[in-house]
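Novice: Dropping a structure here in structure tokens format, bear with me for questions.
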Amino acid sequence: MAQMQTGAQGMQSLPALLQRNAAQFANAPAYREKEFGIWQCWTWSETAKEIEALALGLINLGVKEGDFVAIIGRNRPYLYWSMVAAQAVGAVPVPLYQDAVAEEMAYVLGHCGARFVIVGDQEQADKVIEIQDQLHQFEHMIYLDPRGMRKYDHTQLHQFSHIQDQGRAAHDELIGELNKRQAKLDYDSTCVMLYTSGTTGKPKGVVLSNRNVIQSAKNSAEFDHLTQGENILSYLPMAWVGDFIFSIGQAYWCGFCVNCPESQDTMMTDLREIGPTYFFAPPRVFEGQLTNVMIRMEDAGALKRKMFHHFLAHAKKVGGNILDGKPVGLMDRLKYTLGNVLVYGPLKDTLGYGRIRVGYTAGEAIGPEIFDFYRSLGINLKQLYGQTEATVFITVQPDGEVRADTVGVPAPEVEIKIDDNGEIHYRSPGTFVEYFNNPESTASTKDAEGWVATGDAGFFEEGSGHLRIIDRAKDVGKMADGSMFAPKYVENKLKFYPDILEAVLFGNGRDRCVAFINIDLTAVGNWAERNNIAYASYQELAGHPKVLETIRSHVSAVNKSVAEDPMLSGCQVHRFVVLHKELDADDGEMTRTRKVRRRIVEEKFDDIITALYDGSEKVSTVTEVTYEDGRKGSIKATLTIVDAEVKPAAVHKVAAE
Amino acid sequence: MLDNSESYVTEDGRTIGGVVMEMKNITLRFGGVVAIQDISFDIREGEIRAIIGPNGAGKSSMLNVISGFYVPQEGEVLFHGKKRPPMRPYEVARQGIARTFQNIALFEGMSVLDNVMTGRLNYMKTGLFSQALWKGKAEAEETENREVVERIIDFLEIQHIRKTPVARLPYGLKKRVELARALAAEPKLLLLDEPMAGMNVEEKEDMSRFILDVNDEFGTTIALIEHDMGVVMDLSDRVVVMDYGKKIGDGTPNEVRNNQDVIDAYLGVSHD
């Protein structure tokens with residue numbers, strides 16, 4: 001760490017950190033990407049040269065200081081370089097979600113007035129071309145993968161490698177200009193602008209300064225003792241603040257290596273090959289892996305299956321305690337070691353977690369069983385709570401104080417206060433500068449003293465000092481009888497069942513709650529196969545009576561557990577439907593980070609909700625769907641409405657006696 | 001009619017070269033059945049040439065004549081201007097012709113990678129013994145060929161199934177693997193026998209994109225048979241239409257679409 005502190009002087013921008021890394025860790029790997037079946041590698045000194053060539057090329061193309069450069073594509077080293085190169089020439093990089101449809105891109109590109117767009121491939125290029133008439137400031141597009149681009153009109157279109165070649169050719173004329181621009185960068189210059197997906201309304205451009213990014217990266221890296229030797233797999237959307245902090249902020253601060261998968265579909269194989277030491281994933285990745293393991297174990301031989309379940313039961317008993325450094329008996333320890341050789345070790349290798357030191361999950365609540373499963377294997381999986389406006393970190397769980405139901409203590413240098421309504425506010429070096437071109441929103445979110453309202457309701461647990469999140473503050477409501485309505489609480493309990501992918505609870509202002517449920521096609525499909533249940537489509541499987549029966553038993557079990565909480569017993573699910581389609585970001589029902597947009601779902605499926613409340617047994621509906629290429633179609637379905645068992649609120653009675 | 005060495009410009013602005021393969025008055029009989037009757041057409045360098053027609057029109061027989069698998073009783077096949085003698089399949093492959101099959105013909109138990117590698121067999125010079133030992137030359141040779149194969153795997157976006165046995169793949173992906181194997185031979189002329197048969201709309205769109213990209217990126221001349229008229233019209237530069245073993249139309253998709261004989265063959269004719 002001493003090395004880093006000496007370097008900390010003057011390290012006030014990404015290009016400055018890059019130069020330090022190129023000097024100090026010249027031959028250490030900075031980026032790897034699997035291409036043509038082989039991991040291609042770039043060292044820090046090679047990276048510095050590539051970025052310099054690109055930056056010179058951008059100046060050559062006419063990028064000015066203060067311009068916005070949009071970056072769209074899957075995680076690739078070239079696109080990460082683009083972000084740093086954009087900053088080096090004094091421009092502001094704006095990464096966009098690659099799976100956004102053209103209209104969504106039109107809004108963001110128009111809002112920031114991007115003059116330049118760097119895209120990964122033809123698919124993204126086509127989207128930008130489709131909307132370019134709406135973009136008044138758009139001038140040039142640079143593409144990475146030349147495939148299929150030959151026939152395009154190249155007056156405004158440039159190949160990435162050509163831009164770099166031109167940059168190298170113009171080195172002598174432009175290097176002075178580049179150095180001059182780089183020297184101007186300091187802690188207050190804009191590092192990146194990220195658009196928040198926004199569960200309501202239009203996306204907002206969050207401006208983060210170098211101070212926000214570098215301070216947050218430094219604090220979090222020190223908190224988890226990250227070193228130059230870490231390896232991470234970068235597969236989460238580049239437009240998401242988390243990826244920016246892990247793959248750029250922390251990577252440049254520590255000088256560790258960023259590995260990019262070959263394609264989206266190969267992520268699991270690549271994960272195993274790289275064996276990251278530091279890993280970040282939303283709960284659904286961990287859930288998906290666990291479901292896969294369980295499905296595959298059912299196909300294993302009897303001996304293996306027995307061994308697996310036997311040692312897993314033992315891990316469940318003592319694994320978590322061993323990881324937390326709590327006292328565990330000698331025999332139990334020995335058995336755990338044996339289990340590690342026979343089961344846990346090979347399993348972790350298969351999953352790609354053989355070398356993991358620190359793993360994080362965030363974004364959504366993770367099921368306690370899933371969380372404990374990974375921890376019991378000896379994987380140091382932790383939770384953190386954060387948001388774009390905070391440059392990720394608000395609270396984190398320190399090693400040894402990890403639990404499924406809290407999100408940890410305030411991160412280094414973060415102050416937290418909770419207002420009278422239970423809403424969480426924070427102030428930190430990572431607190432964002434402003435929403436771009438939106439002073440009203442900035443003012444309503446961040447007050448004069450720098451406190452930011454998170455919009456989440458929560459409280460500090462007595463004794464441990466850990467923060468617990470209840471729900472989005474605006475989603476917490478009241479039922480007709482005045483009791484508390486916290487949909488997320490119930491939805492999360494439902495989603496912890498592998499069969500249930502997504503759940504949406506309704507009941508604000510009503511006398512009882514009803515729910516929409518999405519089945520998980522992998523888990524339920526596998527179950528159907530084993531039970532010889534034939535189905536032709538998602539819709540058919542979702543409506544199968546036996547599936548409905550299974551889901552009903554899950555809902556009833558959740559009701560039972562909800563009834564035990566005196567505050568929330570009113571949130572039990574009285575009736576539900578299993579939806580005929582998956583809620584999808586393309587249809588606007590979810591954000592790109594897969595959070596349900598409650599209001600939109602409520603409006604869109606108004607007819608189903610009415611049927612849930614008026615007592616009908618079936619409901620026919622027509623739903624509009626958007627295909628990946630932006631075309632629209634519709635699906636018709638008749639859904640069966642199911643009544644669930646509801647438990648009396650036991651605790652209320654006890655209290656009344 | 002164009003001269004054999006003359007080039008033409010397609011509707012989307014690509015320049016197509018001279019004649020690669022010419023069929024001259026081909027007649028093919030199986031015993032008393034006439035499968036192909038006196039058909040002539042040519043395939044030009046860099047174009048996508050489609051052969052269409054209703055069931056039993058003789059399309060697959062025609063493709064087998066092009067590939068050299070059937071030898072017609074009458075007529076000549078000229079390849080690069082020279083008359084082609086009867087050949088064995090490997091000789092055809094060495095001439096730079098590769099094909100895919102209507103009913104997928106892959107090695108089911110082998111991985112995708114190994115299947116695609118078989119497409120490189122013509123480029124492997126080392127013997128069985130040295131390949132088994134995998135030393136020196138044989139190793140270098142495999143590395144070289146693997147690189148070509150990996151580029152094709154990347155091109156067709158099948159990285160995620162590289163190590164998966166073909167038997168475990170769904171139909172649409174198997175079709176893509178077969179295309180990959182054909183491409184691995186780096187053909188000058190690629191023959192596709194119903195590349196989209198049995199596919200859903202999305203798979204068809206994917207396959208169409210790959211066919212166009214192959215043609216564009218590698219400059220491969222492509223001859224394909226297809227049932228789906230929509231796909232054919234969007235994809236191909238020129239179309240031959242067959243019915244009952246006879247050629248009833250030949251030209252650009254637009255010309256063919258407005259040809260009365262073609263309309264009659266596809267939509268039927270009223271006899272009153």
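Novice: Among B:97-103, B:249-255, how do they line up from the highest to the lowest mean number of other beta-carbon atoms within 10 Å?
Specialist: Listed from highest to lowest mean packing, they are B:97-103, B:249-255.
Novice: Right, another one. Rounded to the nearest 20 debye, what is the charge dipole size of segment A:357-455 about its Cα centre when +1 sits on each Lys and Arg Cβ and -1 on each Asp and Glu Cβ?
Specialist: 420
Novice: Tally Lys and Arg at +1 and Asp and Glu at -1 over the other residues with C-beta under 14 Å from the C-beta of A:A23: what net charge comes out?
Specialist: After counting each charged neighbour, the total is 0.
Novice: Could you tell me which GluC sites (Glu not before Pro) in segment A:461-532 are loop residues by DSSP with no more than 11 other beta carbons within 10 angstrom of their beta carbon?
Specialist: Within segment A:461-532, the qualifying GluC sites (Glu not before Pro) (loop, at most 11 other Cβ atoms within 10 Å) are A:E462.
Novice: Okay, moving on. Grab the DSSP H runs of chain B that are 4 residues or longer, score each as -39,500 (n - 2.57), total them, divide by all residues and round the 222 nm result to the nearest 500 deg cm²/dmol.
Specialist: -10500 deg cm²/dmol
Novice: Quick one: order A:V341, A:V293 by neighbouring beta-carbon count within 10 Å, fewest to most.
Specialist: The order, fewest Cβ neighbours first, is A:V341, A:V293.
Novice: Any idea what angle helix B:171-184 forms with the longest principal axis of chain B, computed on alpha-carbon atoms, 0 to 90 degrees, nearest 10?
Specialist: Helix B:171-184 sits roughly 80 degrees off the main axis of chain B.
Novice: Also: Under the definition of Cα pairs under 8 Å and six or more residues apart, what whole-number percent is the relative contact order of segment A:5-115?
Specialist: 23
Novice: At a Förster radius of 30 Å, what calculated FRET efficiency corresponds to the Cβ-Cβ distance of B:N55 and B:Y171, to the nearest 0.05?
Specialist: Plugging the Cβ-Cβ distance into 1/(1 + (r/R0)^6) gives 0.90.
Novice: Please rank A:C112, A:C191, fewest neighbouring Cβ atoms within 10 Å first, as an exposure proxy.
Specialist: Placing the least packed residue first, the sequence is A:C112, A:C191.
Novice: Which value, in debye to the nearest 20, gives the size of the charge dipole of the protein assembly as shown about its Cα centre, when Lys and Arg are +1 and Asp and Glu are -1 at the Cβ?
Specialist: 2660
Novice: Out of A:G275, A:P77, A:M141, whose Cα points farthest toward the positive end of the dipole of chain A (charges: +1 Lys, Arg; -1 Asp, Glu; placed on Cβ)?
Specialist: Comparing the listed Cα positions along the dipole, A:G275 ranks first.
Novice: At what distance in nm do the modelled label points of A:S483 and A:Q134 sit from each other, each positioned 7 Å from its Cα along Cα→Cβ?
Specialist: Between A:S483 and A:Q134, the label points sit 4.6 nm apart.
Novice: Net charge near A:K180: determine it from the other residues with C-beta under 15 Å of the C-beta of A:K180, scoring Lys and Arg +1 and Asp and Glu -1.
Specialist: -3
Novice: Hey, another quick one. If I take R0 = 30 Å and measure r between the Cβ atoms of A:E440 and A:K184 in this structure, what FRET efficiency does the formula 1/(1 + (r/R0)^6) give, to the nearest 0.05?
Specialist: Efficiency at R0 = 30 Å is approximately 0.50.
Novice: Going by alpha carbons, how many degrees (0 to 90, nearest 10) lie between the helix axis of A:545-563 and the longest principal axis of chain A?
Specialist: With both axes taken from Cα atoms, the answer is about 90 degrees.
Novice: Quick one: order A:R510, B:R120 by neighbouring beta-carbon count within 10 Å, fewest to most.
Specialist: A:R510, B:R120
Novice: By the scheme Lys and Arg +1, Asp and Glu -1, what is the net charge of all other residues having a beta-carbon under 10 Å from that of A:K560?
Specialist: Within the 10 Å Cβ shell, the charges total -1.
Novice: Do you know the relative contact order of chain A, to the nearest whole percent, from alpha carbon pairs under 8 angstrom that are 6+ apart?
Specialist: 10
Novice: Can you give the FRET efficiency for B:R84 and B:T10, using 1/(1 + (r/R0)^6), R0 = 25 Å, r = Cβ-Cβ distance, to the nearest 0.05?
Specialist: It comes out at approximately 0.40.
Novice: Do the sum for chain A: with -39,500 (n - 2.57) for every DSSP H run of n ≥ 4, divided by all residues, what is the mean residue ellipticity at 222 nm, to the nearest 500 deg cm²/dmol?
Specialist: -12000 deg cm²/dmol
Novice: Test of understanding: extend the Cα→C-beta vector of B:T118 to 7 Å, then name every residue of segment B:81-96 with backbone N under 15 Å from that spot.
Specialist: B:90
Novice: Of all DSSP beta bridges in the protein assembly as shown, what percent run antiparallel (nearest 5)?
Specialist: Expressed as a percentage, antiparallel bridges in the protein assembly as shown total about 60.
Novice: Can you tell which of A:F36, B:L63, A:L17 lies farthest toward the positive end of the dipole of the protein assembly as shown, using +1 and -1 charges on the Cβ of basic and acidic side chains (Lys, Arg; Asp, Glu)?
Specialist: A:F36
Novice: Moving on to the next point. Just check the protein assembly as shown against the gyration tensor rule for me: Cα atoms, a ≥ b ≥ c as the square roots of the eigenvalues, rounded for a/c under 1.5, and otherwise prolate or oblate depending on whether a/b exceeds b/c.
Specialist: Cα axes put the protein assembly as shown in the prolate bin.
Novice: Something else now. Once you average over the residues of B:147-160, how many Cβ atoms of partner chains fall within 10 Å of each Cβ?
Specialist: 4
Novice: What is segment A:373-467's relative contact order, in percent, from Cα pairs under 8 angstrom and six or more apart in sequence?
Specialist: 23 percent.
Novice: Do any of B:K24/B:K82; A:K34/A:K595; A:K636/B:K204; B:K24/B:K247; B:K24/B:K188; A:K204/A:K446 go past 19 Å between their Cα atoms, and which?
Specialist: A:K34/A:K595; A:K636/B:K204; B:K24/B:K188
Read the figures in this text as sums done on the coordinates, not as results from a lab. Note that the structure is a prediction, hence the values are computed from the model and not measured. Cβ sites come from the backbone with ideal geometry, for glycine too, and all protein chains shown count toward neighbours.
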